[in-house]
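Scroll down for the structure; my scribbles are underneath it.
The values are calculated or read from the model by the stated rules, or taken from the named source; none is laboratory data. Owing to the predicted nature of the structure, the values given are computational and were not obtained by experimental measurement. Virtual Cβ from ideal backbone geometry, glycine too; neighbours counted across all protein chains shown.
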Amino acid sequence: MKSFFTAFVAIATIVALPLDARPVAETSALSVRAATGLDKLFKAKGRAFVGTASDQGRFSNAQNSAVTLREFGSVTPENSMKWDATEPNPGQFTLSGADALVNYATTNGILVRAHTLVWHSQLPTWVSSITDKTVLTSAIQNHIATVAGRYAGKVRSWDVVNEMFNEDGSVRSSVFSNLLGTSFVDLSFAAARKADPEALLYINDFNLDSANAKAKGLVNLVNTVNANGVVIDGIGTQTHLGAGGAGGVAAAIKLLASAKNVKEVAITELDIGQAGAADYTAVVNACLAETKCQSITLWGVRDPDSWRASETPLLFDANFADKAAYTAVAKVLA
Ligand code: 9MR
């Protein structure tokens, strides 16, 4: 209703204007939006999907769900698949939130970009306090077998390892790296491949927003892990940007896409402080410029539901109405 109304108002305004004053590009973006949605526009360019972060508390809101299904072709669980949510105690799996997300996607015919299996944060203390290599190895393998195994065949991709790098490109200290070195990466990807052979397996991180030391460290690790074949299918760049921070994204995406045997890169958690139209345009163009950049996931639908709500970083306002950033993205994709 809202989108029809917006398009109607735009058309009515245009009809009333003299020909040379008609905002042609603006109009076509709005008309395209009314007819299709961002995901379909991106797919028409041969890419995989545009998605959003979600979870039961979001998609059970009718307005959120309407925008999600109109604009997006994938959902990523914002919190429900993290270790603290899925296995709060050893061997005790609590998967109702994750099940709800996957059922929502399946029922509505959209994809799941699953997030995340091995991460130092939102990690229950029973894992972070493990001191024995063998115990930790089993904990990782059992966690991945159970969680990724449950949704096998239902998710397009998994963030297997999340945020394992420091800003200087070195490996972050965590229970995983402290006990197992980088071998935790190999064993986590092996466990994920076994649990869900069809899913594309990703390594994901933040602040990979230029060809910086962190991005180079990540590429070096992928080159090593993938030296003899495809272990890591994809590299995710979260892309949580500040206003004016999009300048290095194209170079970063090119660098990530150059990693050995990597099939895809993805923008996985996009939000931009103040949601400037120029910033969003630059990010989408950076993805379009690299064929391996197959998906763009926004980290939420409307501003008040964002983890950075005070920065109003998303494409839709509190009333789920399009912002200028939305029109900018639609224009680039149209
Ligand atoms: O958006 C998520 C927020 O609701 C959680 O409170 C937070 C807890 O760490 O995690 C947020 O999502 C993060 C994502 O899982 C990994 N990259 C950074 C995201 C923003 O913090």
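Each residue in segment 109-126 was checked for being under 19 Å from the mean Cα position of the chain (by Cα) and more than 16 Å from the ligand (Cβ to nearest atom), and 3 of them qualify. Please verify whether segment 74-95 includes one or more residues that are over 21 Å from Asp233 (Cα atoms), buried (at least 17 other Cβ atoms within 10 Å of the Cβ) and away from the ligand (no atom under 14 Å from the Cβ). Within segment 74-95, one or more residues are over 21 Å from Asp233 (Cα atoms), buried (at least 17 other Cβ atoms within 10 Å of the Cβ) and away from the ligand (no atom under 14 Å from the Cβ).
Residues that are at pLDDT 95 or above and in contact with an Asp or Glu (Cβ under 6 Å, 6 or more places away or on another chain) occur in segment 270-286; there is at least one.
Anything in segment 188-242 that is of a type in the set (Val, Ile, Thr) and either outside any helix (DSSP H, G or I) or within 15 Å of the ligand (Cβ to nearest atom) (or both)? List them, or say none.
Of all residues in segment 188-242, those of a type in the set (Val, Ile, Thr) come to 203, 219, 222, 224-225, 230-232, 235, 237, 239.
Correct list: Ile203, Val230, Val231, Ile232, Ile235, Thr237, Thr239.
Across segment 127-149, a minimum of one residue is classified as in contact (Cβ under 8 Å) with a residue 40 or more places away in the chain, among the aliphatic types (A, V, I, L, M), away from the ligand (no atom under 15 Å from the Cβ) and surrounded by fewer than 17 Cβ atoms within 10 Å (Cβ to Cβ).
Being away from the ligand (no atom under 13 Å from the Cβ), surrounded by fewer than 24 Cβ atoms within 10 Å (Cβ to Cβ) and among the basic types (Lys, Arg) is a property that Arg302 has. Got at least one residue in segment 322-333 being within 17 Å of Leu38 (Cα to Cα) and surrounded by fewer than 17 Cβ atoms within 10 Å (Cβ to Cβ)? Yes; the residues of segment 322-333 include at least one that is within 17 Å of Leu38 (Cα to Cα) and surrounded by fewer than 17 Cβ atoms within 10 Å (Cβ to Cβ). When restricted to residues that are in a loop (DSSP other than H, G, I, E, B) and closer than 25 Å to Asn204 by Cα, segment 285-334 contains 14.
Every test in (1) within 16 Å of the ligand (Cβ to nearest atom); (2) exposed (fewer than 15 other Cβ atoms within 10 Å of the Cβ) is passed by Ser54 save one, and that test is (2).
Tell me, which residue of segment 161-177 that is polar (S, T, N, Q) and either modelled with pLDDT under 95 or touching a Phe, Trp or Tyr at 6+ places or on another chain (Cβ under 7 Å) (or both) is nearest to Ser129 (Cα to Cα)? Write out each step before concluding.
So in segment 161-177, the residues polar (S, T, N, Q) come out as 162, 166, 170, 173-174, 177.
Okay, now just the ones that are also either modelled with pLDDT under 95 or touching a Phe, Trp or Tyr at 6+ places or on another chain (Cβ under 7 Å) (or both), so 162, 177.
Working: Asn162: 19, Ser177: 13 Å.
Result: Ser177.
If you filter segment 246-266 down to residues that are buried (at least 19 other Cβ atoms within 10 Å of the Cβ) and farther than 23 Å from Glu198 by Cα, you find that the one that is farthest from the ligand (Cβ to nearest atom) is Ala250.
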